[in-house]
1. With (1) at pLDDT below 95; (2) in contact with an Asp or Glu (Cβ under 6 Å, 6 or more places away or on another chain) as the list, and ALA163 as the residue in question, which single condition is left unmet?
2. Considering region 33-50 alone, what residues qualify as being more than 8 Å from the ligand (Cβ to nearest atom) and not aromatic (Phe, Trp, Tyr)?
3. Would you check which residues across region 118-157 are aliphatic (A, V, I, L, M) and surrounded by 14 or more Cβ atoms within 10 Å (Cβ to Cβ) and list them?
4. Filter region 250-284 down to residues that are without any contact (Cβ under 8 Å) to a residue 60 or more places away in the chain and part of a strand (DSSP E or B) and give me whichever is nearest to VAL213 (Cα to Cα).
5. Could you look through region 54-86, keep only residues that are part of a helix (DSSP H, G or I) and free of Cβ contacts under 8 Å to residues at least 24 places away in the same chain, and pick out the one that is surrounded by the fewest Cβ atoms within 10 Å (Cβ to Cβ)?
6. If I ask for residues that are surrounded by 13 or more Cβ atoms within 10 Å (Cβ to Cβ), closer than 16 Å to VAL179 by Cβ and among the hydroxyl-bearing types (Ser, Thr, Tyr), which ones from region 193-239 would you list?
7. I need the full set of residues from region 185-214 which are outside any loop (DSSP other than H, G, I, E, B), within 13 Å of the ligand (Cβ to nearest atom) and of a type in the set (Lys, Arg), in order please.
8. Can you find even one residue in region 87-109 that is without any contact (Cβ under 8 Å) to a residue 40 or more places away in the chain and either within 17 Å of ASP43 (Cβ to Cβ) or within 20 Å of the chain's Cα centre (by Cα) (or both)?
Amino acid sequence: RTVYLNGEYLPEHEAKVSIFDRAFLMADGVYEVTSVLGGKLIDFPGHAARLDRSLTELGMRNPVSTDELLEIHRELVRANDLDEGLIYLQITRGAPGDRDFVFPDPETTEPTIVLFTQSKPGLADSPSAKKGLHVISIADERWGRRDIKTVQLLYPSMGKMMAKKAGADDAWMVQDGFVTEGTSNNAYFIKGNRIVTRPRSYDILHGITRAAVLRFAAEAQMEVEERPFTVDEAKQADEAFITSASAFVTPVVRIDDTPVGDGTPGPKALRLREIYLEESLKAAI
Ligand code: PLP
């Protein structure tokens, strides 16, 4: 693979980062994942805008402009002949000379920027969308600024492992009795014509796919209600689903030991997936 590191396109084994990089020592970095379908970028402007927001919230500098970022994404798609897959982007506060809790002076420490591609043939036509996901509910033990997309992913990884151990596909996290989100996706249920999902706050990542799907709800003749909801409500719903840049809209068919609806992917979630894929392919760049 060709990867991008600090202004250079390199074979992956030649891309090296300092042991003093603050993402390595302190998870002091942010990331984005953008999907690629038919060699085109899905929701790129949304991901670029959220990246800038994450950086601003942490007082970090973006070493590249949005136009340059788009060009880097496109060059990696070309160089790796990527048809269907993901582009991972990470910006860290860089590598000062030594370990220190205090942020280094941004004048003397350059951020580290890395991008690489992951080929995922069949991403849009995924079997899990046809089969639906089994999620378990677990406590949300993450830090309090989940709206910032940091590389601190230890608890979400632990959540995925808990799911795996339980024979499930993923986990929904619960705080004070209400679902926050999935380990790497936003969570929803459908009752009647209404999509219910938690409102944006510090408690969840403001999903780019979430924003698009809520925009497209009207096209599917559905209403949106943004409010906290419980695991029990979702268990008793007609349908449930998750959204993310890599899963698009994927039905959830089982929560803990309870089937949702008839335990198969629901027509409304599948319709939302179809609309999302259609509309975002039209807008892909
Ligand atoms: N919530 C969390 C915790 C995530 O990690 C992600 C994606 O990685 C999402 C939600 C979905 O966000 P997006 O639709 O922008 O991929």
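1. (1)
2. Step one: list which residues in region 33-50 are more than 8 Å from the ligand (Cβ to nearest atom), which gives 34-42, 44-45, 48-49.
THR34, SER35, VAL36, LEU37, GLY38, GLY39, LYS40, LEU41, ILE42, PRO45, ALA48, ALA49 - these are the residues of region 33-50 that are more than 8 Å from the ligand (Cβ to nearest atom) and not aromatic (Phe, Trp, Tyr).
3. Pass one, region 118-157, residues aliphatic (A, V, I, L, M): 123-124, 129, 133, 135-136, 138-139, 148, 151, 153-154.
Once the filter is applied, which keeps residues that are aliphatic (A, V, I, L, M) and surrounded by 14 or more Cβ atoms within 10 Å (Cβ to Cβ), region 118-157 yields LEU123, ALA124, ALA129, LEU133, VAL135, ILE136, ILE138, ILE148, VAL151, LEU153.
4. The extreme case among them is PRO259.
5. The first filter runs over region 54-86 and keeps only residues part of a helix (DSSP H, G or I), leaving 54-57, 66-79.
Pick out the ones that are also free of Cβ contacts under 8 Å to residues at least 24 places away in the same chain and you get 56, 66-69, 71, 78.
Values: THR56: 12, THR66: 14, ASP67: 9, GLU68: 13, LEU69: 24, GLU71: 12, ARG78: 11.
Filtering first and then ranking leaves ASP67.
6. THR197, THR230
7. Going residue by residue through region 185-214, those that are outside any loop (DSSP other than H, G, I, E, B) are 185-191, 194-197, 208-214.
Then drop every residue that is not within 13 Å of the ligand (Cβ to nearest atom), which leaves 185-188, 197, 208-214.
Across region 185-214, the qualifying residue is only ARG210.
8. So far as region 87-109 goes, no, none of its residues is without any contact (Cβ under 8 Å) to a residue 40 or more places away in the chain and either within 17 Å of ASP43 (Cβ to Cβ) or within 20 Å of the chain's Cα centre (by Cα) (or both).
The values are calculated or read from the model by the stated rules, or taken from the named source; none is laboratory data. No experiment lies behind these values; they were computed from the predicted model shown. Cβ sites come from the backbone with ideal geometry, for glycine too, and all protein chains shown count toward neighbours.
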